[in-house]
């Protein structure tokens, strides 16, 4: 059983609690978690203070040290090296040994070292952490994070192909969280697109969209869906094999093999567009609305701009200046152009 999202435990606490520890432990078992770490961290971030106080005495010394590190970071403390080393000492001591937490803390130390510019030491820690977590808690939350962080490290260092290899280690068949798979496929999409591998980029965007839906992450699903649309709108063909079949039949290729030609049935393009539109947050407010920007562009390219009428008539409520610029670059009449130009001027500093 894969554990449920920690946020669901917090929601249950708020609707059915507070409860005594024995009841909370029963909930923990029903949620599929073996210990309290994920729950207490979620309780901290979601401001469930009573639950934090209930759980805190149940943590092992190594867990408590790790939780204190998390709390200090949340409060804005950036000088965490000493706290990380203290927690690592507890994880390594015979009486308080915790192999999985040691892996997580090495990942934390790697990130700290990367922020300080010590790239070699950061890579050593991140690689060690991923290897350890793969060994003792494969496809766990911390293992998933170690893979995503390692890929991000390679991207930051301009090592795209190494990042792709890490993303490839996040198999859809090995019980990784749907959210992790979605994030990895979105990252792989962008790398493949940079190198002109359009079929592989579209395939990863398609999978990212599907797994984000399974993870109940509509914003991420729209991000992946809009990437898929951007890649495929100009490659539609009524004779194309449905894209899920193309994805299912895709196999690893040798360097000498040709990349498949990207050809997508219009029903797949319109299916993704329709899902994104139906699940879009249709409120114009928000200073950063990449979801709206993407869907305005896609609606314009697909000649479905009438589906954005609910937004086009609310320029005065839009707070994202980049969204205003995207609307101005779309197919709107002169009167609306004047209205949206005025809104852009109002938002400019």
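Fully extending the segment from residue 219 to residue 195, taken as 0.36 nm per residue of separation minus the present Cα-Cα distance, adds 6.1 nm.
Among the listed options [x] 1.22; [y] 1.15; [z] 0.99, the one matching Cα Rg over 2.2 N^0.38 Å as calculated from these coordinates is [y].
Which of rounded, prolate or oblate describes segment 106-219 when judged by the alpha-carbon gyration tensor and an a/c cut-off of 1.5? Taking the square roots of the gyration eigenvalues as a ≥ b ≥ c, segment 106-219 is oblate. Estimated purely from DSSP H runs of n ≥ 4, each contributing -39500 (n - 2.57), the mean residue ellipticity at 222 nm for the chain is -20500 deg cm²/dmol once divided by its residues.
What FRET efficiency, computed as 1/(1 + (r/R0)^6) with R0 = 51 Å and r the Cβ-Cβ distance, is obtained for residue 267 and residue 75, rounded to the nearest 0.05?
On the way: r = 51 Å, r/R0 = 0.99.
For residue 267 and residue 75, the calculated efficiency is 0.50.
Cβ crowding within 10 Å ranks 30, 159 as 30, 159, fewest other Cβ atoms first. Counting other Cβ atoms within 10 Å as a rough exposure proxy, the listed residues 184, 31 run 31, 184 from fewest neighbours to most.
What number results when the radius of gyration of segment 196-331, computed over Cα atoms, is divided by 2.2 N^0.38 Å? Write down the numbers at each step before the final one.
Values: Rg = 16.1 Å, N = 136, 2.2 N^0.38 = 14.2 Å.
Expressed relative to 2.2 N^0.38 Å, the Cα Rg reads 1.13.
With the contact rule set at Cα under 8 Å and sequence spacing of 6 or more, what percent relative contact order holds for segment 198-349? The partial results should precede the final answer.
Working: 164 pairs, mean separation 31.2, N = 152.
The normalised contact order for segment 198-349 reaches 21 percent.
Each residue, residue 86 and residue 165, gets one label point 7 Å from its Cα in the Cβ direction; the gap between the two is 3.8 nm. Modelled label positions at residue 23 and residue 258, each set 7 Å beyond Cα in the direction of Cβ, lie 6.7 nm from each other. What separates the Cα centres of segment 52-104 and segment 285-349 is a distance of 47 Å. Exposure proxy for 309, 142: other Cβ atoms within 10 Å of each Cβ, ordered fewest to most, give 309, 142.
Shape of segment 10-126 from its Cα gyration tensor (a ≥ b ≥ c, root eigenvalues): rounded if a/c is under 1.5, otherwise prolate when a/b > b/c, or oblate? Because a/c hits 1.5 or more and a/b exceeds b/c, segment 10-126 counts as prolate.
Based on C-alpha pairs under 8 angstrom that are at least 6 apart in sequence, segment 111-150 has a relative contact order of 35 percent.
Say R0 is 45 Å: what FRET efficiency, to the nearest 0.05, do residue 236 and residue 339 get from their beta-carbon distance?
Numbers: r = 33 Å, r/R0 = 0.73.
Efficiency, rounded to the nearest 0.05: 0.85.
Global size of segment 231-288: 16.0, 50 Å for Rg and Dmax (C-alpha atoms, Rg to one decimal, Dmax whole).
With the largest listed first and rounded to whole Å, the semi-axes of the equivalent ellipsoid of segment 198-259 from the Cα gyration tensor are 22, 14, 11. Relative contact order for the chain: what percent, with Cα pairs under 8 Å and sequence separation of 6 or more? Worked out over the chain, it gives 8 percent.
Here, each number is a calculation from the coordinates, and none is a lab measurement. For clarity, every value in this text was computed on a predicted model and none was experimentally measured. All Cβ positions, even for glycine, are placed from backbone atoms using ideal geometry, and neighbour counts span all protein chains on display.
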